[in-house]
Amino acid sequence: MTLPIQCTPDEIFILNLGPQHPATHGVLRVKLTMDGEYIVEAEPVLGYIHRMHEKMAENGTFAQFMPNTPRLDYLSALSFNQGYCMAVERAAGIEVPERAEYIRTITVELNRISSHLLWYGAFVMDLGGFTPLLYAFDDREQILDLLEHVTGSRLTYCYYRFGGVYNDIDDDFVTGTRAFVKRLRSRLPIQYRDLVTGNIILIKRLKDIGFISAETCRKYGATGPVLRGSGVEYDVRKHEPYSIYPELDFDIPHYPEGDCMARYMVRMDEIEQSLRIIEQALDKLPDGPYQAKVPKTLKPPAVDVYSAVEASKGSFGCRLVCDGDKGPYRLKLRSPSFSNLSLFGEVSEGLLLADALAVMGSLDLVIPEIDR
Amino acid sequence: MSILRETKWALLELFPEQKATEGEAEKAAREKHRADARAKIEAEIKAKAEAEAKAKAKSEAKEGEAAAPKKPSPTEETAAESAAIDLAAKVKSQAAPQPAPPEEPEEPESDEPPVSLEHEGPRPFGVMVRSYAARGYHLDVFCAPDQVVAAAELLDGAGFSLEAVTGVDWIKEEQMEVVYDYTITAGRLCRVAVRTRIPRSAPEVPTISHICPGANWHERETHDFFGIKFTGHPYLVPILLPEDADFHPLLKDFTP
């Protein structure tokens, strides 16, 4: 690579970013080789909160691993619930009733919005703006209240069950969700777009910074808003339709610029699309059972299955290997942020440190999910 | 050509024997399909011609009743004759040898029942088409350890991206399995699982990190968890485990 400024080796120094640093949003260490303010090499050092979830899966039954899934990505816990449930349902051949699929879709999209809102607040705070965080958390609080009402927890939801959901939703939830959709719709243009998206400081910090090409994304296996910010219209919900997504009308926001601003815009547009999905799902919500009849102990045949869902950070995949026993023989969790972060080294070369932090923020990292 | 077929035939480059047998089978199926189609068209045309001739004879008979009685045979003959020529031309155009391989008759693989082979002893090297609804992936490739690089090159060239690399410890069979999950993000849907088996006593596979840079971390992780050595890897140090870790927790005989 070519250095931005010609320098002699003794002017290069090592800078530790993290493991405790507000910009890494968790315990991530990045070993930076710096030339003044410019990054020569960035090496993420992982594993500070590695918990070996995959071994825990092997040691218990299928149901016993369920509460582990929200601990992977505590910000979009329901997506991880769903990914694991779908893998087990596929292996055991369980059909999910329609109402349960609708409930799953409504709750998972609410969770996606809350995850994007938190990212938005934290990202803008990384760039030096404190106020937007308060607006975002105000709206996120509404979602947490709604989800607490049906799931019983505020963050690490363990709401889905094999073949359905744990609890039926009631009228309070439906009216509350409708009110929330209306509220967020009215706030998006003012508190979000006018205050932040059009702000000249934000544009200067994000526009043309941290270009990631579609080819880089493909080579590193990056998915989610990172890939869509590079102009690739790929979303597991559309591309590999699961649940009731084929019946719903929504777009995949994608921006070809590939810079931090594009990734920012993708997530902001996704909030609107999720609102659309929730509205449609609420309108179509059918009656019926919210859970299929599933035996207490699952014993799927000896198969190995793969299942992918679109989590808020990208494609979350489960490779589940069964050997005919009561628990997984092997469960591989393919977490989106792990692949998304792996391209950081290549992308941040030659960037200013402050810009690299903007890039890192725009990847939307959740460390427990990377470290597993 | 569907992406599944395209990818399958690209991957069959790795397995010349299977390619030959599948090629034969495919050719036979294509021949059969063409013959069937020809027979069907012939029958259709024949039926049509007969019906036409009949209708004509009938109408002529009617006309004959109205006017003076006439011999209907010559017109009928010409009608039958023209129909026969028509038929011959149609059949000829159908049966004419096409230079390009014709569209596949149908995908016989799509309704293949899901088979569980992973635990039933050795499986021959080759490409298998799996039921997507039951498995979540379309193609299942089982190859020798040194073929994973060629498979990665083929799939990377076809626009696939690597989703994950993982291991499975088959302790009873004294083997380790390495699974590479590929998918395509450019509009079409095809998931490919490439797997290989290596002896548990000397787990070594060549790296693919020079082809898919994304494999770098996945291979380091698999090395952490299983102790599988990816030969040629540029930086095979612990990624998730502590930097001085000398244990591999996902081995089935691991005790903390």
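The values are calculated or read from the model by the stated rules, or taken from the named source; none is laboratory data. None of these values were measured; they are calculated from a predicted model. Glycine also receives a Cβ, built like all others from the backbone with ideal geometry; neighbour counts cover every protein chain displayed. When the accessible area is computed, the model is the full protein with side chains, heavy atoms only, and any ligands, DNA or RNA have been set aside. Shrake-Rupley method; radii C 1.70, N 1.55, O 1.52, S 1.80 Å.
Would it be correct to say that A:L227 is open to solvent by less than 10 Å² (accessible area, probe 1.4 Å) and facing another protein chain (nearest Cβ under 9 Å)?
Considered against the rule, which asks whether it is open to solvent by less than 10 Å² (accessible area, probe 1.4 Å) and facing another protein chain (nearest Cβ under 9 Å), A:L227 comes out as yes.
Test A:I278 against the criterion of being modelled with pLDDT of 90 or more, open to solvent by less than 10 Å² (accessible area, probe 1.4 Å) and touching an Asp or Glu at 6+ places or on another chain (Cβ under 7 Å), and give yes or no.
Answer is yes for this residue.
I'm told A:A292 meets every condition in (1) under 30 Å from B:G167 (Cβ atoms); (2) of a type in the set (G, A, S); (3) open to solvent by 10 Å² or more (accessible area, probe 1.4 Å); (4) in contact with a Pro (Cβ under 8 Å, 6 or more places away or on another chain) except one. Can you identify the failing condition by its number?
(1)
Mind listing just one residue for me: the one in region A:295-317 that is hydroxyl-bearing (S, T, Y) and more than 14 Å from chain B (Cβ to nearest Cβ) and, of those, most open to solvent (accessible area, probe 1.4 Å)?
Top of the filtered list is A:T297.
Open to solvent by less than 40 Å² (accessible area, probe 1.4 Å) and small (G, A, S): does that describe A:A122?
For A:A122, the condition - open to solvent by less than 40 Å² (accessible area, probe 1.4 Å) and small (G, A, S) - is met.
Tell me the residue from A:G93, A:G47, A:G36 that is farther than 22 Å from A:K293 by Cα, out of contact with any strand residue (DSSP E or B) (no Cβ under 8 Å at 6 or more places or on another chain), open to solvent by 30 Å² or more (accessible area, probe 1.4 Å) and among the small types (G, A, S), please.
Result of the check over A:G93, A:G47, A:G36: A:G36.
Can B:D253 be described as open to solvent by 20 Å² or more (accessible area, probe 1.4 Å), outside the structural domain of B:E13 (by TED's automatic domain parsing) and either closer than 23 Å to A:P336 by Cα or of a type in the set (S, T, Y) (or both)?
no
Filter region A:318-359 down to the residues that are of a type outside the set (G, A, S), in a helix (DSSP H, G or I) and at the interface with chain B (Cβ under 8 Å from one of its Cβ atoms) and list them by number.
A:F338, A:E346
Would you confirm, using the coordinates I've provided, whether B:S161 is facing chain A (nearest Cβ under 9 Å) and open to solvent by less than 60 Å² (accessible area, probe 1.4 Å)?
In short, yes.
Given (1) open to solvent by 30 Å² or more (accessible area, probe 1.4 Å); (2) assigned to a helix (DSSP H, G or I); (3) modelled with pLDDT under 90, where does A:Y74 come up short, assuming only one miss?
Condition (2) is where A:Y74 drops out.
Please go through region A:54-81 and pick out each residue that is within 12 Å of A:C318 (Cβ to Cβ) and within 14 Å of chain B (Cβ to nearest Cβ).
Residues satisfying the conditions are A:E54, A:A57, A:L72.
Going through B:F247, B:F230 one at a time, which residue ends up being in contact with an Asp or Glu (Cβ under 7 Å, 6 or more places away or on another chain) and under 22 Å from A:L333 (Cβ atoms)?
When all the criteria are applied, what remains is B:F230.
Conditions: (1) modelled with pLDDT under 85; (2) farther than 28 Å from A:I94 by Cα. B:H119 meets all but one. Number of the miss?
Looking at each condition in turn, B:H119 falls short on (2).
For the structure I just gave you, tell me whether B:Y235 is within 27 Å of A:H239 (Cα to Cα) and of a type in the set (F, W, Y). Please lay out each step first, then the result.
Working: within 27 Å of A:H239 (Cα to Cα): no; of a type in the set (F, W, Y): yes.
When the stated conditions are applied, B:Y235 does not pass them.
Quick check on B:H218: is it free of Cβ contacts under 8 Å to residues at least 40 places away in the same chain and either in the same structural domain as B:L11 (by TED's automatic domain parsing) or of a type outside the set (A, V, I, L, M) (or both)?
It is false that B:H218 is free of Cβ contacts under 8 Å to residues at least 40 places away in the same chain and either in the same structural domain as B:L11 (by TED's automatic domain parsing) or of a type outside the set (A, V, I, L, M) (or both).
For the condition surrounded by fewer than 21 Cβ atoms within 10 Å (Cβ to Cβ) and not charged (D, E, K, R), what is the one hit in A:A87, A:A63, A:A57, A:A42?
One residue alone meets the criteria, A:A63.
Working only within region A:158-168, note down all residues that are open to solvent by less than 10 Å² (accessible area, probe 1.4 Å) and more than 13 Å from A:E89 (Cα to Cα).
A:Y159
Could you list all residues from region B:178-233 that are at the interface with another protein chain (Cβ under 9 Å from one of its Cβ atoms) and on the phi > 0 side of the Ramachandran plot?
Across region B:178-233, the qualifying residue is only B:G187.
Residues of region A:360-372 being part of a loop (DSSP other than H, G, I, E, B) and either farther than 17 Å from A:G258 by Cα or among the hydroxyl-bearing types (S, T, Y) (or both), which ones? I'd like the intermediate steps shown before the answer.
Quick first cut of region A:360-372, residues part of a loop (DSSP other than H, G, I, E, B) only: A:363-366, A:372.
Within region A:360-372, A:L365, A:V366, A:R372 meet the criteria.
Kindly list, by first and then second residue, each pair from a residue in region B:155-167 that is farther than 19 Å from A:V232 by Cα to a residue that is in a strand (DSSP E or B) and of a type in the set (D, E), limited to pairs with Cβ atoms under 8 Å and residues at least 6 apart or on different chains.
So the pair list comes out as B:A164/B:D181; B:V165/B:D181; B:T166/B:D181; B:G167/B:E177.
I'm trying to understand the selection: among the residues of region B:136-154, which are open to solvent by less than 10 Å² (accessible area, probe 1.4 Å) and either away from every other protein chain (no Cβ under 11 Å) or of a type in the set (D, E, K, R) (or both)?
Listed by number, the residues that qualify are B:L139, B:D140, B:V141, B:C143, B:V148, B:A151, B:A152.
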